[in-house]
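Following: one structure in C-alpha cells, then a few remarks.
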Amino acid sequence: MASHGRPGAVRKTKKGPTIGTGGHGRKSLEGKGPTPKAEDRPYHKAHKGKELAERSAAKREGRGAGTGRTRGKAAEEVVTGRNSVVEALRAGIPAKALHVAIRVEMDDRVRESLKMAADRGIPVMETGKPELDRMTDGAVHQGLMLQIPPYEYADALDLVDETIERFRRGHIGNAPLFVALDGITDPRNLGAIIRSASAFSSHGVIVPERRAVGVTASAWKTSAGAAVRVPVARVGNLNAALKSFKDKGIFVLGLDGDGDVSLPELTLGREPICIVVGSEGKGLSRLVRENCDQIVSIPIDSAMESLNASMAVGITLYEVSRQRSA
C-alpha cells in the first residue's frame, strides 16, 4: 500500500533527468561586459583622483574671467595667505567667512584678522588643514583663508533705463555717464576704473561677460571701496549693448590714440555718454570701434606710445566732469 506522506512534500526516489532552466541562466554565462576603467570605478583610488581633478578644473573655470552671468552672481572667490587676508579685511572687501586652521600658529596678522572679522560680524570657522588645502585648491594659505561672496552684477539695460528716468525726473543733476570696458582682463585696471568712475560721478561701469575681468577681490581692493558706490553691470554682448544705448539716446565715445576728435575739443561732454576703453595692448576691437559715434584721443607726448586703460578713463572722466561743471 503506497504511503501518501506529508501534503506538499516531494520525495525523489531515483536519479534521472530533471527539467531544464529554459535559458534563464544564460545571462550569468555571458559575463558583465568589459572591465570598467579604474577611474570609472567608484571605489578605486583613480576614481577619487578623477573627481578631484574635475572639481579643481571647475573651480579654476569659476574663477576665470568669463564665468559671470548677464544677471545674478559670479563665481565665489577665496583670498589665501596671511598678508592677503589682512589686506582684504582692511580694504573692507565683503566676506562670507574667515577660515582659520585648527591650532594655527598665532602672529600679529592672524590676531588682526580675527579682530577685524569679529568687529565686522564675519563668521570665523576653525578648519582642518586638509580641508583648507582642498578649499584653496592647494594654494599656500598659511592657515588663513577668506571666503568672498559672489558679486551681484546689475543688468546693464535696466541700469541705463533707470538712470535716464532719474535724469528726466530731475533726481540727478548731470546727464547719464557710463564707462564700458572692451577686453580689459586685469582686475587692477577694473578696480582703478571703478575708483575713477566714483570720483567723477559716473553712473555705472559695463563689463562683457566673456574674455574680460569681473569684480574680483583684487578689483574690489584696487577700487578702494568704490565698488560699493558704483554699480557694475555685465552684458553678454558688448556690441549689442552699445547699439541699445545709442537707441536710448546715449552717445558712445571710444578712446583710442588714433581718434578723430582730440579730448580737449570734445563737444559731447554734457550729453548722455558711454565712454568705451579697450585693452592697452589691442585697443578697441573692430566691431566696438564701428559702433562708436566718435573716437576720442588724448594728446600725449610722442615719446609715450599709449596710456594705461584706467589712466585714460580717469583723464577722460575729468575732462567730462570739467565741461559739465563749467
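Just one of the listed residues (GLU112, GLU87, GLU126) is at pLDDT 90 or above and either of a type in the set (S, T, N, Q) or surrounded by 12 or more Cβ atoms within 10 Å (Cβ to Cβ) (or both), namely GLU112. Can you say whether ARG166 is surrounded by fewer than 20 Cβ atoms within 10 Å (Cβ to Cβ) and closer than 16 Å to GLY278 by Cα, as far as the supplied structure shows? It is false that ARG166 is surrounded by fewer than 20 Cβ atoms within 10 Å (Cβ to Cβ) and closer than 16 Å to GLY278 by Cα. Residues that are modelled with pLDDT under 90 and among the charged types (D, E, K, R) within the stretch 265-310 comprise GLU280, LYS282, ASP301, GLU305, listed in sequence order. Take ILE164 and decide whether it is in contact (Cβ under 8 Å) with a residue 60 or more places away in the chain and out of contact with any strand residue (DSSP E or B) (no Cβ under 9 Å at 6 or more places or on another chain). Yes, satisfied.
In contact (Cβ under 8 Å) with a residue 24 or more places away in the chain, in contact with a Lys or Arg (Cβ under 7 Å, 6 or more places away or on another chain) and on the phi > 0 side of the Ramachandran plot, is that true of GLN142? Yes, satisfied.
The conditions of being modelled with pLDDT under 90 and either farther than 22 Å from ARG195 by Cα or of a type in the set (Ser, Thr, Tyr) (or both) are met by THR216.
Any idea which residue in the stretch 135-161 is nearest to the chain's Cα centre (by Cα), counting only those that are more than 30 Å from ARG111 (Cβ to Cβ) and crowded, with 20+ Cβ neighbours inside 10 Å?
To start, the set of residues in the stretch 135-161 that are more than 30 Å from ARG111 (Cβ to Cβ) comprises 152-161.
Those still in the list that are crowded, with 20+ Cβ neighbours inside 10 Å too: 153, 156, 159-160.
Working: TYR153: 10, ALA156: 16, LEU159: 19, VAL160: 22 Å.
It comes out as TYR153.
Scanning the stretch 222-253 for residues that are out of contact with any strand residue (DSSP E or B) (no Cβ under 9 Å at 6 or more places or on another chain), assigned to a loop (DSSP other than H, G, I, E, B), without any contact (Cβ under 8 Å) to a residue 40 or more places away in the chain and over 14 Å from LEU190 (Cβ atoms) gives a single hit, ARG229. Scanning the stretch 196-248 for residues that are at positive phi and either out of contact with any Leu (no Cβ under 9 Å at 6 or more places or on another chain) or of a type in the set (D, E, K, R) (or both) yields ARG211, ALA224, GLY225. In the stretch 212-220, is there at least one residue being surrounded by 23 or more Cβ atoms within 10 Å (Cβ to Cβ), farther than 22 Å from ILE164 by Cα, free of Cβ contacts under 8 Å to residues at least 40 places away in the same chain and among the small types (Gly, Ala, Ser)? Yes, because at least one residue in the stretch 212-220 is surrounded by 23 or more Cβ atoms within 10 Å (Cβ to Cβ), farther than 22 Å from ILE164 by Cα, free of Cβ contacts under 8 Å to residues at least 40 places away in the same chain and among the small types (Gly, Ala, Ser).
Condition first: in a helix (DSSP H, G or I), among the charged types (D, E, K, R) and closer than 23 Å to ALA154 by Cβ. Can you find one or more residues in the stretch 257-280 that meet it?
So the first thing to find is which residues in the stretch 257-280 are in a helix (DSSP H, G or I), and the list is 263-265.
Still in the running and among the charged types (D, E, K, R): 265.
Still in the running and closer than 23 Å to ALA154 by Cβ: none.
Within the stretch 257-280, none of the residues are in a helix (DSSP H, G or I), among the charged types (D, E, K, R) and closer than 23 Å to ALA154 by Cβ.
What residue, among those in the stretch 281-306 that are part of a loop (DSSP other than H, G, I, E, B) and aliphatic (A, V, I, L, M), is surrounded by the most Cβ atoms within 10 Å (Cβ to Cβ)?
Taking the candidates together, the pick is LEU284.
The values are calculated or read from the model by the stated rules, or taken from the named source; none is laboratory data. For clarity, every value in this text was computed on a predicted model and none was experimentally measured. Here the Cβ is made from the backbone with ideal geometry for all residues, glycine too, and neighbour counts use every protein chain on show.
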